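A.B. asks: The structure's right below; bear with me while I get my questions together.
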Amino acid sequence: MSWAPRSPFDKAAGLMWLPRLIDKGRRKLQGDELLGDYMFGDHDYLDGFLLRFLELNDAVILEILRAEPDDDRAATAIVARSGKSAEACSGWNKTFDRSQHLALLNLDRDEGRYSFGPLIDPLWTAAQGVFLPVFRFIYDRNRSAT
């Protein structure tokens, strides 16, 4: 893998997933289809969780990223635009992590930041061989709709 966004567990402006969204948005702004197997924004399943919470769309995220080259300040501007409080962000983090924890761990595993361990990794890889083609079909169908 030549490029990967930050870990889904990383936080910016109090929100997990936001650094990852920013990374993908910056790549998108480069006019760079080097997102590879990654989707961005409204058409990405997990980005969608954060965007719905923020009540923003990917066009607004890109607008903020164009105006603010510093990631930390961009993250602060994104949360400010949403009007979400620190308490609301903290609550969202807990809900998102609880509901998507295994998917987030799997992203970190696939991107080389995490291992389930020597006994589980081979089983997990085998299971993905069964389920991944179905998910890949859905992903490709959604991606072609963008």
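A.B. asks: Can you tell me which of 66-79, 97-110 comes out highest on packing, and rank the rest after it, using the mean Cβ neighbours within 10 Å?
C.D. replies: Details: 66-79: 16.1, 97-110: 14.6.
For the peptides 66-79, 97-110, the packing ranking is 66-79, 97-110.
A.B. asks: Given R₀ = 30 Å, FRET efficiency for Asp37-Val130 by Cβ-Cβ distance, to 0.05? Walk me through the numbers before you get to the answer.
C.D. replies: Values: r = 19 Å, r/R0 = 0.63.
Here the calculated transfer efficiency is 0.95.
A.B. asks: Give me the one-decimal nm value for the distance between modelled label points at Arg52 and Asp110, 7 Å along each residue's Cα-to-Cβ direction.
C.D. replies: 2.0 nm
A.B. asks: Using the Cβ atoms and a cut-off under 11 Å, what net charge is assigned to the surroundings of Pro19, where Lys and Arg are +1 and Asp and Glu are -1?
C.D. replies: Details: positive: Arg6, Lys11, Arg20, Lys24, Arg26; negative: Asp10, Asp23, Asp71, Asp72.
Surrounding charge for Pro19 is +1.
A.B. asks: What is the calculated FRET efficiency for Ser2 to Ser90, with r their C-beta to C-beta distance and R₀ = 41 Å, to the nearest 0.05? Write down the numbers at each step before the final one.
C.D. replies: Working: r = 34 Å, r/R0 = 0.84.
Between Ser2 and Ser90 the formula returns 0.75.
A.B. asks: Please list, or write none, the lysines whose alpha carbon is within less than 26 Å of the alpha carbon of Lys94, excluding same-chain residues fewer than 8 places away.
C.D. replies: Of all the lysines, those that pass the test against Lys94 - Cα under 26 Å, at least 8 places apart if same chain - are Lys11, Lys24, Lys84.
A.B. asks: Which length gain, in nm to one decimal place, applies between Asp70 and Asp121 when the Cα-Cα distance is subtracted from 0.36 nm times their residue separation?
C.D. replies: Details: separation 51, 0.36 × 51 = 18.36 nm, distance 3.66 nm.
Here the answer is 14.7 nm.
A.B. asks: Where does the Debye-calculated log10 I(q)/I(0) of the chain sit at q = 0.19 Å⁻¹, using only Cα point scatterers of equal weight, no solvent?
C.D. replies: -1.24
A.B. asks: Treating the beta-carbon of each Lys and Arg as +1 and of each Asp and Glu as -1, no other charges, what is the dipole magnitude of the chain about its Cα centre, to the nearest 20 debye?
C.D. replies: Details: 19 positive and 22 negative charges, 43 e Å.
The calculation lands at about 200 debye.
A.B. asks: Please list, by residue number, everything in the range 92-107 whose backbone N is under 19 Å from a paramagnetic label point 7 Å out along Cα→Cβ of Ile138.
C.D. replies: 96-107
A.B. asks: Another question, if that's okay. At 222 nm, what helix-only mean residue ellipticity would the chain give, in deg cm²/dmol to the nearest 500, using -39500 (n - 2.57) for each DSSP H run of four or more?
C.D. replies: Numbers: 6 runs with 94 residues, N = 146.
It comes out at -21500 deg cm²/dmol, rounded to the nearest 500.
Readers should treat all values here as calculations from the given coordinates under stated rules, not as data from a laboratory. Given the structure is predicted, the values throughout are model-derived calculations rather than measurements. Cβ atoms come from the backbone with ideal geometry, glycine included; neighbour counts cover every protein chain shown.
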